[in-house]
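First the structure, in the form of structure tokens, and then the observations on it.
The numbers here are math on the coordinates, done by the rules we state, and not lab data. Owing to the predicted nature of the structure, the values given are computational and were not obtained by experimental measurement. Cβ coordinates were reconstructed from backbone atoms using ideal geometry, including for glycine residues, and neighbour counts include every protein chain displayed.
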Amino acid sequence: MNQINEFFNKLIKLSEKNKYTKYLLIDIIIDWNIPYFQFIKRYLIYISLIWFTIFIYPKSFKDFWEYSYNLLIFILLISPLFKIFPKIKILSKIILLRREIWIIIWNFLIAHIIWFFIKNNINVFDFLNKKIFNLWSFYFWWIWWTIFMFFPFITSNNISQKILKSKWKYIQKLTYLFFIFSVLHVYTLKWDISELLIIILWIFLKILVHKKVVILK
């Protein structure tokens, strides 16, 4: 707590010395007018290119899954929260970056899938065995989240949106199943009940959105 207070005291002193800094801090902290936001939005997707480092550090395929999984939870929870709390400006800013964040998620997951097979020297058809049809096997949920990831992934572009028109939104909604099966996949890896609570929280938020509950109008 003392460190937090010290940090804000430094910000206040800095703002007192420089009027521009003062207005900038007010813009960022209160109004969330982030400097160079459009620049950030335009180039954020290039973060996904760091997956190429997997050629140098093959073991990092697990890290890419963790990054994408955390981003997945983050963006799926932000969307309903934005509709429930429309006045919270930081949520509206994050929503504007939703597409870029999804591109990062997709790229990291592709890297994870490819290098999982390469690193472990596994043939895709090796999954077609009895273990795969076991609900308690993490491979079972792994296959399903891979399937439901594929179609939103290949259609996450302007060309697909123009071709598919109204059907495009329905395909993108497969991300919900992708999200659920991803959480179940992680649950069968860790057997941590908190993973299931994520799904429950998300469903609760979606119900509030469906009921058109709005807080802080």
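State the Cα centre-to-centre distance between region 144-216 and region 37-71 in whole Å.
Their Cα centres are 20 Å away from one another.
If every alpha-carbon in region 40-210 counts as one equal scatterer, what log10 I(q)/I(0) does Debye give at q = 0.14, 0.18 1/Å?
Rounded to two decimals, the profile gives -0.83, -1.34.
Students often get this wrong: which residues of region 195-217 have the backbone nitrogen under 18 Å from the point 7 angstrom along Cα-to-C-beta of PHE85?
198, 201-210, 212-217
First select every other residue whose beta carbon is under 12 angstrom from the beta carbon of ILE40; then total the charges, Lys and Arg +1, Asp and Glu -1. Mind showing how you got there, number by number?
Values: positive: LYS41, ARG42, LYS93; negative: GLU100.
Net local charge, ILE40 excluded: +2.
Can you tell me how much longer the chain between LYS190 and PHE150 gets when fully stretched, taken as 0.36 nm per residue apart minus their C-alpha distance, in nm with one decimal?
Details: separation 40, 0.36 × 40 = 14.40 nm, distance 2.45 nm.
So the chain would gain 11.9 nm between LYS190 and PHE150.
Report relative contact order for region 40-210 in percent, whole number only (criteria: Cα-Cα under 8 Å, sequence separation at least 6). If you can, show how the numbers build up before the last one.
Values: 149 pairs, mean separation 40.9, N = 171.
Normalised by residue count, the contact order of region 40-210 is 24 percent.
Here are some pairs, LYS41/LYS190; LYS162/LYS212; LYS93/LYS206; LYS62/LYS87; which of them have Cα atoms lying more than 25 Å apart in this structure?
Numbers: LYS41/LYS190 34 Å; LYS162/LYS212 29 Å; LYS93/LYS206 20 Å; LYS62/LYS87 37 Å.
Pairs exceeding the cut-off: LYS41/LYS190; LYS162/LYS212; LYS62/LYS87.
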